Every structure is written in structure tokens, then in C-alpha cells.
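Please read the structure below before turning to the comments.
The values are calculated or read from the model by the stated rules, or taken from the named source; none is laboratory data. In this text, all values refer to a predicted model and were calculated from it rather than measured experimentally. Note that each Cβ is placed from the backbone with ideal geometry, even for glycine, and that neighbours are counted across all protein chains shown. Keep in mind that these areas ignore ligands, DNA and RNA; they rest on the heavy atoms of the full protein, side chains included. Shrake-Rupley method; radii C 1.70, N 1.55, O 1.52, S 1.80 Å.
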Amino acid sequence: MKKFIWIIGWVVVLGILGFGIYKFFIDCEKIETEYYRYFTLSEMDYAVASEDVTVKLIDIKNDKDTGQYLVRLLVLNDAKIAYVELGSIDPTSVKTDKLSLEYTVSLIRVDDKEATLTIHPTTDEE
């Protein structure tokens, strides 16, 4: 009986893990974009800017304490990942310096379902 319970437990754990992987990697929309262009993402969708950097929108949260929307993103470049959290009030832009190239991600507009963003590489002249 204990062996049966362990098998059922592992099947449930693997099922939950498989569902999480499916929702994170497969059940999402890919958007091709260029630098300095606005793009709109829904939760769990991702955008690829100039085949160089990928921005994945994890979630949008309405933070009633601060009176703003919070947008959580993953920014990927050359197998390096940066976690970014932007707000509709502050901060609306953030410079990622954990990647091989530096990028500035800016939040343009946000609501409960979608966020409009832009991304551009940061150069030394800026």
C-alpha cells in the first residue's frame, strides 16, 4: 500500500511539474520586434527583439498599497537572465546590467491584462 501511495504522489508531482513547464514555455505567444519599438505582451507571452534579447512577461499585479500596477519580467540574453520588476508609477524604466550587453526596458502602458513595453540597448554615450 505504501508503494502505491508513493507512486500516486510521484505521478501528481510530475503532473504538476509538467503542467508548469507547459504553461511557462509552450502555452504562450511569441512576438518578433525591433529595438525602440513598442510591443504589447499579455501574461506569460514573450517578445524577441532583433533576435538578440528576449523579454518574458511573468505577471501583472495591481498593488493597491502603492496605487500602481507591478509588472514582473524576465530578460534573457546569451544564456544570462535578469529579473526585472517595473511599476506604472515608479520605476517605469530599468537598466539591466547583468546581461552581456546592457539594455533599458521601459514600461509604456499597463492594465490588468496587458503591458506595453519598449527595449533598447544602452550605449556608453547615453
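Annotation note: of Tyr69, Tyr36, Tyr22, Tyr46, the sole residue that is of a type in the set (Phe, Trp, Tyr) and on the phi > 0 side of the Ramachandran plot is Tyr36.
Met44 falls short on exactly one of the conditions (1) in a loop (DSSP other than H, G, I, E, B); (2) more than 21 Å from Ile26 (Cβ to Cβ); (3) of a type outside the set (Asp, Glu); (4) without any contact (Cβ under 8 Å) to a residue 24 or more places away in the chain, and that condition is (2).
Scanning the range 1-32 for residues that are under 30 Å from Pro121 (Cβ atoms), open to solvent by 80 Å² or more (accessible area, probe 1.4 Å) and outside any helix (DSSP H, G or I) turns up Glu29, Lys30, Glu32. Among the residues making up the range 33-75, those that are open to solvent by 60 Å² or more (accessible area, probe 1.4 Å) and either within 16 Å of Pro121 (Cα to Cα) or of a type in the set (D, E, K, R) (or both) are Glu34, Tyr36, Arg37, Tyr38, Glu43, Glu51, Lys61, Lys64, Asp65, Arg72. Restricting attention to the range 76-106, the residues that are touching a residue at least 24 places away in the same chain (Cβ under 8 Å), open to solvent by 60 Å² or more (accessible area, probe 1.4 Å) and either aliphatic (A, V, I, L, M) or outside any strand (DSSP E or B) (or both) add up to 1. Determine whether Leu117 is open to solvent by less than 40 Å² (accessible area, probe 1.4 Å) and either in a strand (DSSP E or B) or of a type in the set (A, V, I, L, M, F, W, C) (or both). Against the criterion (open to solvent by less than 40 Å² (accessible area, probe 1.4 Å) and either in a strand (DSSP E or B) or of a type in the set (A, V, I, L, M, F, W, C) (or both)), Leu117 qualifies.
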